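Structure first, commentary second.
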Amino acid sequence: MQNEPSATAAEVLHRVFGYAEFRGLQADIIEHVAAGGDAIVLMPTGGGKSLCYQIPALMRRGVGLVVSPLIALMQDQVNALCQAGVRAACLNSAQDAQVARETMAGLRAGRVDLLYVAPERLLMSGFLEFLDDIAAAHGIALFAIDEAHCVSQWGHDFRPEYLKLAVLRERYPGIPRIALTATADAATRREIGTRLELDAARWFVAGFDRPNIRYRVVEKDNPRRQLLDFLHGRDGYPGHRGEAGIVYCMSRRKVDETAAWLVTQNIPALPYHAGLDAATRREHQERFQRDEGIVMVATIAFGMGIDKPDVRFVAHLDLPKSLEGYYQETGRAGRDGEAAEAWLCYGLADVALLQQWIEDSAAPEEIRRIEARKLSAMLGYCEAASCRRAMLLAYFGDGQAACGNCDVCLDPPETFDGMVTAQKFMSAILRTGSRFGAGHLIDILRGKATERVVAMGHDRLPTFGVGTDMDEREWRSVARQLVSAGLLRVESEYGSLLLTDAARPVLRGQQSLRLRRPAKAQPRRKTAAVALPDAADQGLFERLRSWRRDTARELNVPPYVIFHDATLRAIAGRAPRTRGELSEVSGVGEAKLARWGAAILALLAEAQI
């Protein structure tokens, strides 16, 4: 479609994208940017950030430029817009020269409404000069800077080229700019405004909450078995067989081994990490985007900006380095707004390894201190005795009461006066010379005369056997909680536990301490299954999905580019008989109605015979 300055935002929303109304702050953001204002938008993943720049770009004269670091996903985003009738294109280093020339020709002729471009391509002097000509001939509607947190040098997704994007203000002072992100703490917000020279921009903060995601944390026991229980729906879990998901691991080796093992368990899994060649990474990402039910096992090299709406779970087999990273990674689940799960399995060995990485880093001391604080916050989240969602949101300055939809809220842990218990553990540390890890200390406390305990003479210590009232699992929980509370620290190289200065008042009985008992090994409440509307026909929904899958294969695009599951469910529930009735279904815009309306109505009519 061509830009129509006279069209209202609501008209574009309904005609192009097929939605009846805006969500949250979308209407205010679009009105502000369409009127020429600069904006910085903080909105959770799945909250509809893309419409905040797509609609103003279609309302204003000229082409809208979207700066994105996500080369692998640009084409899928362009495909989705083209299916909705928007004249969209992209330019990046992954394209061949002929495609790039055709795109440039389309820009010169004014045949492109939205252009996605990588920052390094945008900043080339030749391309900026080309944009000068486009601005003079057809106009530039706006600049959208997606994943704006990449500007932060302290962040986990820093991109050096983002620091140079302030040139847009200097070179095109009259063109509105909108910077968008789903992940930014207070320091990163300040950096976005300063480094992009958006200090005068209006802020729109929609909050960080993703209420459709259920958060769970479990202590490592047998991680593979625990992951399989999670996927199969054992031990009270709802299960995710046949559903798309992401499993994050700390190392490339673990990614490869976990993906191969899942395949032996009849779960379609693919590995993804920076050690794979570019062609393999591209193939695996495309399969994840386009096929249904694929589980991607990956390092954090995978995922920023993943546009797949039907990811039903994100699992972590190792402890993430920070709450920022964890929030962004878990945010790839449930982008369609339907029920999803974030499942994390961790142990003290993860903490030791991450601490060692921080200490061995060549980064300046200030950055290493910041990384250590972030790791402490992550550990505190894992050992929370109160609502996980509230703790996660509080980290980003977004307050909320208990959510009722995390493992802590659903199965509140029991707490107890832990001062004496802590004193026993600390005494074992001191009497063994602060040189041993949790396993050896727990053997001493539980009175287990192992070969190593006897060889070290630790079976003759006063602390030998003083902790027989607790099992190994309970003592490991105590160890993690004491580390989380800052009373113990893990000596990185060997995993030894040492007392901190903060432990002294507890050890002397001068400070009380409450600890939580580990969750009992019993079935947890199940997440409610994603259900069809009451009037919907499950068989009809599956037939619509089958039609969508075949259509997507013919067009070589991901199925969700045709219609989201939510739209298919609505169609199945309403069973429209006419084009007019079908056009009223959320997600069915004019272009999609013209392209697929007849096929859908024919399928519905056939099903009703």
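Give me the strands (runs of 3 or more DSSP E) completely within segment 124-232, filtered to those with at least 1 residues that are under 30 Å from Ala109 (Cβ atoms), of a type in the set (Lys, Arg) and in contact (Cβ under 8 Å) with a residue 12 or more places away in the chain, ordered by residue number.
177-181
Which one of the conditions (1) under 26 Å from Ala166 (Cα atoms); (2) at pLDDT below 90; (3) surrounded by fewer than 18 Cβ atoms within 10 Å (Cβ to Cβ) does Leu73 fail to meet, given that it meets all the rest?
(3)
Under the condition of being of a type in the set (S, T, N, Q) and more than 17 Å from Thr330 (Cβ to Cβ), which residue from segment 199-231 is farthest from the chain's Cα centre (by Cα)?
Selected residue: Asn222.
Does at least one position in segment 120-128 carry a residue that is of a type outside the set (S, T, N, Q) and buried (at least 20 other Cβ atoms within 10 Å of the Cβ)?
Yes, segment 120-128 contains a residue that is of a type outside the set (S, T, N, Q) and buried (at least 20 other Cβ atoms within 10 Å of the Cβ).
Would you mind finding the one in Pro271, Pro238 that is over 25 Å from Arg545 (Cβ atoms) and in the same structural domain as Asp221 (by TED's automatic domain parsing)?
Pro271
Gln77: more than 20 Å from Pro176 (Cα to Cα) and either assigned to a strand (DSSP E or B) or free of Cβ contacts under 8 Å to residues at least 24 places away in the same chain (or both), yes or no?
Considered against the rule, which asks whether it is more than 20 Å from Pro176 (Cα to Cα) and either assigned to a strand (DSSP E or B) or free of Cβ contacts under 8 Å to residues at least 24 places away in the same chain (or both), Gln77 comes out as no.
Before we move on, is Pro69 in contact (Cβ under 8 Å) with a residue 12 or more places away in the chain, out of contact with any strand residue (DSSP E or B) (no Cβ under 9 Å at 6 or more places or on another chain) and not assigned by TED's automatic domain parsing to the domain that holds Gly325?
Considered against the rule, which asks whether it is in contact (Cβ under 8 Å) with a residue 12 or more places away in the chain, out of contact with any strand residue (DSSP E or B) (no Cβ under 9 Å at 6 or more places or on another chain) and not assigned by TED's automatic domain parsing to the domain that holds Gly325, Pro69 comes out as yes.
Being of a type in the set (D, E, K, R), part of a helix (DSSP H, G or I), in contact with a Leu (Cβ under 8 Å, 6 or more places away or on another chain) and under 30 Å from Asp157 (Cα atoms), is that true of even one residue in segment 35-53?
Yes - at least one qualifying residue is present in segment 35-53.
For segment 96-119, enumerate the residues that are surrounded by fewer than 18 Cβ atoms within 10 Å (Cβ to Cβ) and outside any helix (DSSP H, G or I).
Asp96, Ala109, Gly110, Arg111, listed by residue number.
Just the residues that are of a type outside the set (Val, Ile, Thr), within 20 Å of Ala363 (Cα to Cα) and buried (at least 24 other Cβ atoms within 10 Å of the Cβ), please, taken from segment 136-161.
If the condition is that a residue be of a type outside the set (Val, Ile, Thr), within 20 Å of Ala363 (Cα to Cα) and buried (at least 24 other Cβ atoms within 10 Å of the Cβ), then His149, Cys150, Ser152 are the ones that fit.
Given the criterion of a type in the set (D, E, K, R), under 21 Å from His149 (Cα atoms) and touching a residue at least 40 places away in the same chain (Cβ under 8 Å), identify the matching residue among Glu359, Glu292, Glu329.
Answer to the check: Glu329.
Any idea how many residues of segment 515-528 are within 20 Å of Met470 (Cβ to Cβ) and at pLDDT below 90?
Counting residues in segment 515-528 that are within 20 Å of Met470 (Cβ to Cβ) and at pLDDT below 90 gives 7.
Mind checking which pairs have a first residue in segment 1-27 that is surrounded by fewer than 17 Cβ atoms within 10 Å (Cβ to Cβ) and a second that is at pLDDT below 90 and not polar (S, T, N, Q), Cβ under 8 Å, 6 or more apart or different chains?
Hits for this filter: Arg23/Gly47; Arg23/Gly48; Gly24/Met43; Gly24/Gly47; Gly24/Gly48; Gly24/Ala206.
What number of residues within segment 321-380 satisfy the criterion of being among the basic types (Lys, Arg) and not in a helix (DSSP H, G or I)?
The qualifying residues number 3.
The values are calculated or read from the model by the stated rules, or taken from the named source; none is laboratory data. Please read these numbers as outputs of a predicted model, since none were measured by experiment. We place every Cβ from the backbone using ideal geometry, glycine too, and count neighbours over all the protein chains shown.
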